[in-house]
2 protein chains.
Amino acid sequence: MTSKNGRGASRTEIRLAGEGGQGMILAGIILAEAAAIYDDKNAVQTQSYGPEARGGASKAEVIIGEGEIDYPKVISADVLVAMSQEACDKYASALKKNGLLIVDQEKVGRVPTTRAIKAPITRLAVETTGKAITANVVALGVLVGLTQIVSRAAIEQAVAARAPKGTVDMNRAALLAGFDIAEQLPGWQAARAAGPA
Amino acid sequence: MTSKNGRGASRTEIRLAGEGGQGMILAGIILAEAAAIYDDKNAVQTQSYGPEARGGASKAEVIIGEGEIDYPKVISADVLVAMSQEACDKYASALKKNGLLIVDQEKVGRVPTTRAIKAPITRLAVETTGKAITANVVALGVLVGLTQIVSRAAIEQAVAARAPKGTVDMNRAALLAGFDIAEQLPGWQAARAAGPA
């Protein structure tokens with residue numbers, strides 16, 4: 001998942017994409033804070049807004065590395081979380097060859113590879129917390145559960161630190177639901193081992 | 001305030017810095033969304049987290065341009081909003097020669113130039129809304145009031161769209177308080193006309 005740059009530092013590029021209102025930007029911030037504040041890595045988190053922002057699409061990018069991060073944008077993503085069909089269609093081609101594609105299975109009907117990880121992210125959010133808005137935290141649980149890009153302890157702390165007052169328990173439940181999904185899935189390693197679609 | 005890159009596109013670099021919990025990252029997101037969603041410009045918004053993140057410092061960068069934004073990070077800031085002494089000490093030297101420095105006058109005692117704009121940002125937030133956490137929105141009001149980097153209508157819409165449920169009026173009041181401060185200040189143009197300190 002991680003790649004080495006010219007100076008030998010590891011670098012993992014993650015893109016979180018969906019519609020406005022799904023909280024993908026906040027998810028990106030939480031992931032970056034988990035890495036940098038609670039896991040002692042470096043992180044850069046970016047939103048780029050062009051004309052597509054007016055159409056309601058939303059996208060966050062996170063680069064996580066052990067060393068200094070020289071270029072702050074995604075070049076070729078290691079991981080894409082797509083929470084809408086538009087996001088999947090737009091960004092799946094910018095994944096690395098063996099990159100990890102995670103989609104919300106009720107939002108994304110068509111995936112470009114049989115190796116995509118389909119998870120009932122928004123449905124689980126509603127079942128667990130009663131609120132679809134926690135789907136972004138469920139997605140973080142799936143992502144971290146599958147990749148271990150940050151530790152579970154770090155993402156739990158980062159989610160709690162960003163949860164609005166009175167919602168810490170609810171958001172923790174959403175995160176744990178995401179971890180559970182990840183454990184029930186074949187796993188990214190297994191998906192990769194299966195080779196190209 | 002804006003500069004031209006090699007392709008003739010305008011580019012304005014803004015850095016918002018303070019302590020964790022002051023909401024500077026959210027302020028950066030709101031400013032970028034004002035530019036891109038409501039004002040038809042392009043914007044990139046970035047957080048870089050290194051070891052200093054563990055110390056509680058917080059920094060957001062926003063690049064706003066008319067055309068495509070080729071490099072997403074601040075090279076030499078046009079505007080710095082410093083909400084803590086540490087933030088001022090750390091980033092003031094990375095301002096452009098005639099850049100705009102806005103500081104919270106009760107948080108920042110020492111400024112490196114007599115041309116700094118000192119505003120009672122957090123005090124006004126508390127007086128206006130009863131909540132210091134709205135200082136980030138007051139700061140946006142001061143910034144936009146002085147620079148017109150985005151329109152007042154755009155920043156009002158962006159603040160409202162990001163305000164937690166039930167706090168739209170409170171956040172609007174904080175923004176207007178920031179506009180008022182800006183109108184009572186000598187203004188950035190006046191400050192620039194005064195020349196180097």
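The values are calculated or read from the model by the stated rules, or taken from the named source; none is laboratory data. All values reported here derive from a predicted model rather than from experimental measurement. Cβ: placed from backbone, ideal geometry, glycine included. Neighbour counts: every protein chain shown. Remember, those area values only see protein heavy atoms, side chains included, never the ligands or the DNA or RNA. Shrake-Rupley method; radii C 1.70, N 1.55, O 1.52, S 1.80 Å.
Going by the conditions given, is B:A125 of a type in the set (A, V, I, L, M) and within 13 Å of B:L16 (Cβ to Cβ)?
Details: of a type in the set (A, V, I, L, M): yes; within 13 Å of B:L16 (Cβ to Cβ): no.
Criteria not met by B:A125.
Would you call A:Q184 at pLDDT below 95 and either open to solvent by 40 Å² or more (accessible area, probe 1.4 Å) or aromatic (F, W, Y) (or both)?
When the stated conditions are applied, A:Q184 passes them.
Please work out if B:I37 is more than 30 Å from A:G21 (Cα to Cα) and either open to solvent by 40 Å² or more (accessible area, probe 1.4 Å) or under 14 Å from the mean Cα position of the chain (by Cα) (or both).
Numbers: more than 30 Å from A:G21 (Cα to Cα): no; either open to solvent by 40 Å² or more (accessible area, probe 1.4 Å) or under 14 Å from the mean Cα position of the chain (by Cα) (or both): yes.
No: the conditions fail for B:I37.
Within segment A:42-75, which residues are among the β-branched types (V, I, T), surrounded by fewer than 22 Cβ atoms within 10 Å (Cβ to Cβ) and facing another protein chain (nearest Cβ under 9 Å)?
Hit for segment A:42-75 is A:I69, nothing else.
Among the residues of segment B:26-33, is there at least one that is surrounded by fewer than 24 Cβ atoms within 10 Å (Cβ to Cβ), in contact (Cβ under 8 Å) with a residue 40 or more places away in the chain and more than 11 Å from chain A (Cβ to nearest Cβ)?
No, segment B:26-33 contains no residue that is surrounded by fewer than 24 Cβ atoms within 10 Å (Cβ to Cβ), in contact (Cβ under 8 Å) with a residue 40 or more places away in the chain and more than 11 Å from chain A (Cβ to nearest Cβ).
With the requirement that a residue be open to solvent by 10 Å² or more (accessible area, probe 1.4 Å), of a type in the set (G, A, S) and touching a strand residue (DSSP E or B) at 6+ places or on another chain (Cβ under 7 Å), what does segment A:76-98 give you?
Within segment A:76-98, A:S76, A:A92, A:A94 qualify.
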